[in-house]
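Single-structure report; data block below.
The values are calculated or read from the model by the stated rules, or taken from the named source; none is laboratory data. Everything quoted here is computed from the prediction, not taken from an experiment. Note: ideal-geometry Cβ built from the backbone for every residue, glycine included; neighbour counts use all protein chains shown. Ligands, DNA and RNA are excluded from the accessible area calculation, which covers all protein heavy atoms including side chains. Shrake-Rupley method; radii C 1.70, N 1.55, O 1.52, S 1.80 Å.
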Amino acid sequence: MSKTNSVKTERQEMYKERNTQLLIGKFLSGELNKLEPSYDNKKGYTYPVVEEIVGDASQVNEFLNRLVETGILKKEIFDKVICCPNCNSPNISIHYCCPHCKSFDIVKSSLIEHVSCGYIDVEENFRQGRKLVCPRCRKELTKPDIDHRKAGMWCRCNTCNKNFDIPVTSHFCRQCQTTFLFEDAIYQNVYSYSLTEEARQEASVKLVILEPIRKFLEQEFEVEIPGFLKGKSGANHMFDIVAFSRSDSEKVMVMDITTSSDIITEQPVIAMFAKIYDVAPDKACLIAIPKINENGKKMAALYKIELVEAEEPTKIVKILETRCLKRQEKSKKD
Ligand SMILES: [Zn+2]
Ligand SMILES: [Zn+2]
Ligand SMILES: [Zn+2]
């Protein structure tokens, strides 16, 4: 199987998970446009919406990664986060330190140049109350960028009293009070997520398809979407639709839906056969949108899976109605 095909199969499996459906539902309803993380000093970045769905905060990343790998979500870098190499806390402050003695007890100031006399000094030496006065020529400076301008940064270390212009950066963990350098820091990407166009289409098609079929089937059946049936092996199998006849309680029909932007392969037929072989329903129906390849058709016939091909999702119910009528007429003749 090609790579794109296997990703697609995995995506179809992903759609069947309740958690995936809940999250996609939030995108489709407009409740979510972009899934962005929210920040908390203790926990760092989290995705509360996803936590609520998954129920377990430790499973959130794994769940989001699978959604990205199967092409349901796409991720974009949102922020970078520094974590402590000792305790993993994201509650980190930045220390700007003296390059000579590494102390972070430094005073930051700016250099000012008096344009007319060319004198340069730190801002404090110009300051007289609220005014700036040149210590050399005693003129008052009133017009920023005209009679005086900033001429760079100047720092002084309170520990060793040396001056410097560029401090060195280190990190301080507020949780365990470890000081560490960038080279030891855990430096991670934090992402925002949005629904891919492909998944948006596939998922809305499913919604568009399932609801009309449910309405149609409910005239005669108890319908479960998705439905679960236990097989002879003891395993539980999921179908997009399981319908139990109201008139004949023995009768069980299962339906799966497969959609694609081009011709569908035999893969969903094989997948469905594996399930119906175990479950043995009275009837199995595979809805293929828009159409399935020849091999798929042959296999469906061999496995007694009724195929419904429809170019347009809206036509499925019409096709189902016609087939039911034909069957009724046939049973009348018999
Ligand atoms: Zn720490
Ligand atoms: Zn120093
Ligand atoms: Zn001056």
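Against the chain, whose longest principal axis comes from its Cα atoms, helix 60-69 is set at around 70 degrees.
For the stretch 156-303, state the average projected area of the convex hull of the C-alpha atoms over all orientations, rounded to one decimal in nm².
On the way: hull surface 71.9 nm².
Here the figure is 18.0 nm², rounded to one decimal.
Taking amide hydrogens as placed 1.01 Å from N in the peptide plane, the amide H of residue 308 sits under 5 Å from those of 286, 287, 288, each at least 5 positions away in sequence or on another chain.
Residues whose amide H comes within less than 5 Å of that of residue 291, counting only those at least five positions distant or on another chain, are 264 (H built at 1.01 Å from N in the peptide plane). At the residue level, residue 76 shows approximately 90 square angstrom of accessible surface with a 1.4 angstrom probe and all protein chains present. In the chain, the DSSP-assigned H stretches of four residues or longer account for a calculated mean residue ellipticity at 222 nm of -10000 deg cm²/dmol, using -39500 (n - 2.57) per stretch and the full residue count as denominator.
For the stretch 126-202, with all protein chains present and a 1.4 Å probe, just round the carbon and sulfur fraction of the accessible area to a whole percent. Working shown, then result.
On the way: 2460 of 5250 Å².
The value for the stretch 126-202 is 47 percent carbon and sulfur by accessible area.
Hey, any idea what % of the stretch 219-334's accessible area is carbon plus sulfur with a 1.4 Å probe?
Working: 3580 of 6770 Å².
Of the solvent-accessible surface of the stretch 219-334, carbon and sulfur hold 53 percent.
Of 258, 322, the order by accessible heavy-atom surface (1.4 Å probe, DNA, RNA and ligands excluded), from most exposed downward, is 322, 258. Averaged over its residues, the chain has an accessible area of 59 Å² per residue, based on protein heavy atoms and a 1.4 Å probe. For the chain, the longest principal axis of the alpha carbon atoms and the long axis of helix 3-15 meet at an angle near 80°.
Once the other residues with Cβ under 15 Å from the Cβ of residue 217 are scored (Lys, Arg +1; Asp, Glu -1), what is the net sum?
Working: positive: 214, 215, 246, 251, 283, 318, 323, 327; negative: 211, 218, 220, 222, 224, 240, 248, 256, 282, 306, 321.
The answer is -3.
Would you work out the relative contact order for the chain, in percent, from Cα pairs under 8 angstrom that are 6 or more residues apart?
Value for the chain: 14 percent.
Taking 24 Å as the cut-off for C-alpha to C-alpha distance, list the pairs among 26/275; 26/251; 8/230; 26/206; 8/275 that go past it. Violating the 24 Å Cα-Cα cut-off are 26/275; 26/251; 8/230. Starting at the first residue of the stretch 113-130, write each ³J(HN,Hα) from the Karplus equation 6.51 cos²θ - 1.76 cosθ + 1.60 with θ = phi - 60°, in whole Hz, x for Gly and Pro. With the stated coefficients, the stretch 113-130 comes to 10, 7, 4, 5, 10, x, 6, 10, 7, 6, 3, 3, 6, 8, 6, 10, x, 8 Hz. Averaged over residues, the count of other Cβ atoms within 10 Å places the peptides 312-320, 51-59 in the sequence 312-320, 51-59, highest first.
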